[in-house]
Amino acid sequence: MLKKKSQIIIVLIFTLLYPINCFCAPWIDINIIYDGKTSRYNAENVYLYVNGKRAENLSMPAIIFNGSTLVPAREVFEPLGANVVWKKETEEVDISYKNTSITIKINSETASVNNNTYTLSMPAKIINNKTMIPVRFIAESLGLAVEWDAKKRIINIREKADNLNNDIIAIDPPVDLPATEEPSTETTTSEETVTERDPVNLDSPKCDDGIFKISADGKLGDFATTDIKNRKISYLLGKATPPDEKEYEFDDSYIKKVTFDETVIKGKKFTKITLDLKTSGSPVSYISKDSKTFIVDFINDKPKFDNLYVTDLDEEPLSSDYDLEEEPDIGNNNTSDTSQILSNDNIFFKDGYLYIKKNSNFNINNITFTDNYQYKEYIINTYCDLSNTLKDGKYLINNELIETVEIKNSNFTEIKIKEKKILAYNIVENTDYICVNPVPPKEKYPKIVVIDAGHGGSDPGAISQKNNIIEKDLTLSIANKVVDLLEKNDRIKVYAVRLDDTFYTRPERAALANEIGDMFISIHANSFSGEKANGTEIWYYPHTNDNTIGLSCEQLAQCLRKNLINNLKSADRGTKSTNYDVLTLTEIPASLCEIGFITNPEEAENLKNDEYKNLAADAIYKAIIESFEKYTPQR
């Protein structure tokens, strides 16, 4: 939400999955860490072969990064007889094979081949602590042949025929891979021919303490995560007919409800499974070993069977650039694909409005909205078919507010707006167009509070191993409960700095609060070297504008302290002034709540109790309501 993200996907989800043995899935859906940031990679699998032999048990799969295919250096080229050396000090990889020596430096746009310098279309990267290099450039520089089977998405790297006794390298063992389509920009409409699935029927779903399962009467096909929204995750499941009932509710601590729908993508039928969550989470999603059960697991960090590539990574809110379907960089290396960005007079921006052509099917009273502000995207669900006026694809707007508009036509048309900043929207219509007016949130909402769950991602905060508490997890749990309460109050708009396990710097948190908020509350937990320290304390920093904005930071802190002590019955450690960055850098009423001490055994047990966390969230919620009753934001 705050970082400048370089997305190469995806969504794509939340899942961390790469089957390598017992289950050949045509999708990879994992988080990847590179260049100091975390992104989600979701795309069709690329199957890697070396001299016709399947490359098994790779620590990282082959991935397509900005149109180029990257592969793990050592595991791919050493089996061919190359010598691969990693130089940690200079972040360089030396690869020598026969009479050729290559030096390639991480993130460098050039490489040295036998002391000659060449420009790379894609530099080498360290991804998930693995050295990943551009396969085509390295292989061909070493005199190796690179073959691409577009239908089966197979890359075969081999010695050329003049170095071998035979002229043909067969891919062995033969594999029966799922058929895939090459990238296409053709419009998919409701009148298209639909490819029928195999008749595999889904049973009623089950949910047991954060583990969702749904089984079929036969083997399931591929799956992919398609949407990650606030408290909602959707999956597409192939070769499956949904159960008779389309909605199920659960009494579960993680999953509130599941709904089923059928959709058509590129002529193929899929069942869409949407989980409504009670709290944010980062589940592991996978197909069982017998391929008959789809599982979403919020409890365990790895699937419950072997032979899977699974990485436990921090997750970052992402933009929705999910159309990474470029052919791997083993063909024409100089061809750039601009087919995803479309131009159309039916979508344009003028005089503060985004105009989107409609047809007679459109009814403004039926539309719904999803504000995925943490991904800087806003989705309009039209619940009607606009495919005869709006072609599938991305439309470039590229002004100070909006990057692109993406149209997805299936059973109905979805309009996804990719933002350059967090926005609010006013939507009206005229005779021919849907008229979308993007505005800063403060122009639409009279009262806005920003809730900050302290720490996150690579910053765990305080850790109590004895009491089994990590501060970043505790603060996120309480913050999400506060957000849930506020979302039910239509008088106050709430934004969260993070809704999942993501890292943001302190200046980033303060900058977001100043940009979109009227009040900022950061939630933390305390710790000490001994076990005796206990109680609740609230921190603030006096702002120079405290007397002009209607509510001072100290007044907000006092209100939070009163409500927390009343609800929690904890020891009162008072309100205190300090120069924490999130307090000094904010320009709106701001306070930091230390709910309790995770190093105190009794308080730690309370903080692990869900009811106690509910009381803390309720106290913060009451303080926000009370403060806004006395405080009219001065903007």
Chain lengthening between Thr100 and Lys152 when straightened (0.36 nm per residue, less Cα-Cα): 15.6 nm
Loop chymotrypsin sites (Phe, Trp or Tyr not before Pro), region 492-552, which have at most 14 other Cβ atoms in a 10 Å radius of their Cβ (DSSP): Phe528
Long-range HN-HN contacts of Glu262 with modeled amide H, under 5 Å: Lys272
Rough spin-label spacing in nm, given labels placed 7 Å along Cα→Cβ, for Lys87 and Asn579: 4.4 nm
Amide proton proximity set for Thr69, modelled H, under 5 Å, gap of 5+: Val135, Arg136, Asp329
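Roughly how compact is region 528-585, stated as its Cα Rg over 2.2 N^0.38 Å to two decimals? Show your work: numbers first, answer last.
Values: Rg = 13.2 Å, N = 58, 2.2 N^0.38 = 10.3 Å.
In units of the 2.2 N^0.38 Å rule of thumb, it is 1.28.
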Theoretical gain in end-to-end length, Glu605 to Tyr383 [0.36 nm per residue, Cα-Cα removed]: 75.2 nm
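Rank by packing, highest mean first: peptides 248-255, 442-449, 69-76, with packing defined as the count of other Cβ atoms within 10 Å averaged across residues.
Highest to lowest by the protection proxy: 69-76, 442-449, 248-255.
Within a Cβ distance under 15 Å of Val85, other residues only, what is the Lys/Arg minus Asp/Glu net charge? Present the calculation step by step, with values, prior to reporting the outcome.
On the way: positive: Arg74, Lys87, Lys88, Lys105; negative: Glu75, Glu78, Glu89, Glu91, Glu92, Asp94.
Spelling it out: positives minus negatives among the neighbours equals -2.
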FRET E, pair Glu629, Asn107, Förster distance 51 Å, beta-carbon r, rounded to 0.05: 0.45
Label-point separation in nm, Glu140 to Ile126, each point 7 Å along Cα→Cβ: 2.9 nm
Förster radius 35 Å - calculated FRET efficiency between Asn399 and Tyr248 (Cβ-Cβ, nearest 0.05): 0.20
Cα-projected label distance for Asn115 with Glu429, points at 7 Å along beta-carbon direction, nm: 7.2 nm
Relative contact order for region 416-565, counting Cα pairs under 8 Å that sit 6 or more residues apart, in percent: 23 percent
Sites Lys466 and Lys488 - FRET efficiency at Förster radius 35 Å, r taken between beta-carbons, to 0.05: 0.40
Exceeding the 19 Å Cα-Cα cut-off - candidates Lys481/Lys622; Lys272/Lys358; Lys53/Lys239; Lys206/Lys256; Lys444/Lys562; Lys493/Lys562: Lys272/Lys358; Lys53/Lys239; Lys444/Lys562; Lys493/Lys562
Theoretical gain in end-to-end length, Thr263 to Asn361 [0.36 nm per residue, Cα-Cα removed]: 33.4 nm
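Readers should treat all values here as calculations from the given coordinates under stated rules, not as data from a laboratory. This is a predicted model, so every value here is computed, not measured. Because the Cβ atoms are built from the backbone with ideal geometry, glycine has one as well, and the counts that use them run over all protein chains shown.
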